[in-house]
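First the structure, in the form of structure tokens, and then the observations on it.
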Amino acid sequence: MADDLVNITIDGHQMAVPKGTLLVEAARQIGIEIPVYCYHPKMKPVGACRVCLVEVENQRRPMMPACTTTVMPDMVVHTRSDNAVEARGAVLEFLLINHPLDCPVCDRAGECDLQDFTQKYGNGNTRFIEQKRHFAKSKQVGKNVVLDRERCIMCQRCVRFCEEIAMEEGLVIVDRGNRSEIGTFEGRSFDSKFSGNVIELCPVGALTAKTYRFESRPWEQQHYAGICNVSSLGVNITVDVRYDEVVRLRGRMNDEIDDGWLSDKCRSSHLAIHSDDRILSPMVRNDQGQLTKVSWAAALERIVQAFPENASQIGLAVGTRLSVEDGHMLLRLGRALLKTPN
């Protein structure tokens, strides 16, 4: 198996990695961060944003994109050399030319890769004094997907997700050159069953969720690991909670179960928790056949009266949105109060 390994050096760290490994992934193995926008490990590399430029010794082009360059024998890579730092700062300066300075009102603020990488690797100032490009704000491209075109850095993650992962017509690149923008085919809406994944993939605040816009800030939230309640697959999710209210569900990577992607049905399932239409108390039909709200004690007494002799005839039906833990508590309730195993 040694023939399948390649010896390389990254920032003075010698290591052996499998043939075909991308430089960005090799660096991650030893804890070295190389910033990326267009790259995603689940999709084909395209080298669109160039923020991942690193310096490679003894090459005709010493500055190479780490997201599309595979390791070669005895390769020596510098991610923090003067040339790499300068190139990275220049790329960030270009990306910020037309990007609006609306971080205070952007939903992505606090978890924005452009914000974070600019602080880490940016030059700290701009030479651009011309007028920025402007678009009409908040264009809704799908049932729950809102697009702010001014913020887009054209990393193409969303477009590639539609083509490679969902494999359906969705978001596309409209026009060419500096007129390029993300959009949909004319007259169509982006109503994929997996549309919410592009919001999570977007490294900036260009794509946001209609149900989450202006609802919360990341630093106000607590994050909990969970399992999707509307899928039988055991899809892994992250539950974001603000002041005891579930405000968002996100994917949690588990390659063996879900490959990191969520369906829109799963992603929006938390909306039922705080819905105004949710039934919060037991309801019993009166003599006129109408449902009326009653206390839990009255509801349980009504059930016992209906089946006074044979409790085994009583059964509890569990709602499809309830978790396994909720079902277990209903089982305990039935056994303790109603004396039924059903």
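Quick rundown of the values:
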read-out	value
Average projection area in nm² (convex hull over Cα atoms of the range 136-279, one quarter of hull surface)	10.0 nm²
Taking the chain and dividing mean pair separation by its residue count, relative contact order in percent (alpha carbons under 8 Å, at least six apart)	10 percent
Centroid-to-centroid separation of the range 204-218 and the range 1-52 [C-alpha atoms, Å]	31 Å
Shape call, the range 1-87: gyration tensor on alpha carbons, a/c limit 1.5	oblate
Among 154, 114, 90 the positive-end extreme of the charge dipole of the range 88-181 (Cβ point charges)	90
Heavy-atom accessible area order for 330, 23, 53, largest first, 1.4 Å probe	330, 53, 23
Area accessible to solvent at residue 129, 1.4 Å probe radius, in Å²	150 Å²
³J(HN,Hα) computed for each position of the range 280-296 - Karplus, 6.51 cos²θ - 1.76 cosθ + 1.60, integer Hz, glycine/proline x	10, 9, x, 10, 10, 6, 7, 5, 8, x, 9, 7, 10, 6, 9, 6, 4
Long-range HN-HN contacts of residue 251 with modeled amide H, under 5 Å	238
For the range 100-109, Karplus couplings with θ = phi - 60° (6.51, -1.76, 1.60), whole Hz, Gly/Pro x	x, 8, 10, 3, x, 10, 7, 5, 7, 4
Order of exposure, largest accessible area first, which applies to 79, 211, 126 with probe 1.4 Å	126, 211, 79
Estimated vicinal HN-Hα couplings, Hz - the range 58-67 in sequence order (Karplus 6.51, -1.76, 1.60; Gly, Pro = x)	6, 10, 5, 10, x, 8, 10, x, 6, 7
Accessible heavy-atom area order of 134, 13, highest first, probe of 1.4 Å	134, 13
Rounded Å value of the spacing that divides the Cα centres of the range 252-315 and the range 118-183	42 Å
Kirkwood-Stokes translational diffusion coefficient of the range 188-342, alpha-carbon pairs, 20 °C, 1.002 mPa s, µm²/s	115 µm²/s
Per-residue SASA entry for residue 113, accessible area with 1.4 Å probe, Å² rounded to 10	40 Å²
Sum of -39500 (n - 2.57) over DSSP H runs of 4+, divided by residues of the chain (222 nm, nearest 500)	-5000 deg cm²/dmol
Residues of the range 196-210 with amide N under 16 Å of a point placed 7 Å along Cα→Cβ from residue 128	204-206
P(r) of the chain over all Cα-Cα pairs, binned every 20 Å from zero, in whole percent	24, 46, 21, 9, 0
Cα-based convex hull, the range 268-318, per residue volume (Å³, whole number)	111 Å³
Rounded to 5, the percent of DSSP beta bridges in the chain classed as antiparallel	90 percent
Calculated SAXS-style log₁₀ I(q)/I(0) at q = 0.17, 0.26, 0.28, 0.29 Å⁻¹ - the range 240-297, Debye, Cα scatterers	-0.74, -1.06, -1.12, -1.14
Residue 163 accessible area, 1.4 Å probe, all protein chains in place, Å² to nearest 10	120 Å²
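The values are calculated or read from the model by the stated rules, or taken from the named source; none is laboratory data. What you are looking at is a predicted structure, and each value in this text was computed from that prediction instead of being measured. Don't worry about glycine lacking a Cβ; one is built from the backbone with ideal geometry, like all the others, and counts go over all protein chains shown. We work out accessible area using only protein heavy atoms, side chains counted, and drop any ligands, DNA or RNA first. Shrake-Rupley method; radii C 1.70, N 1.55, O 1.52, S 1.80 Å.
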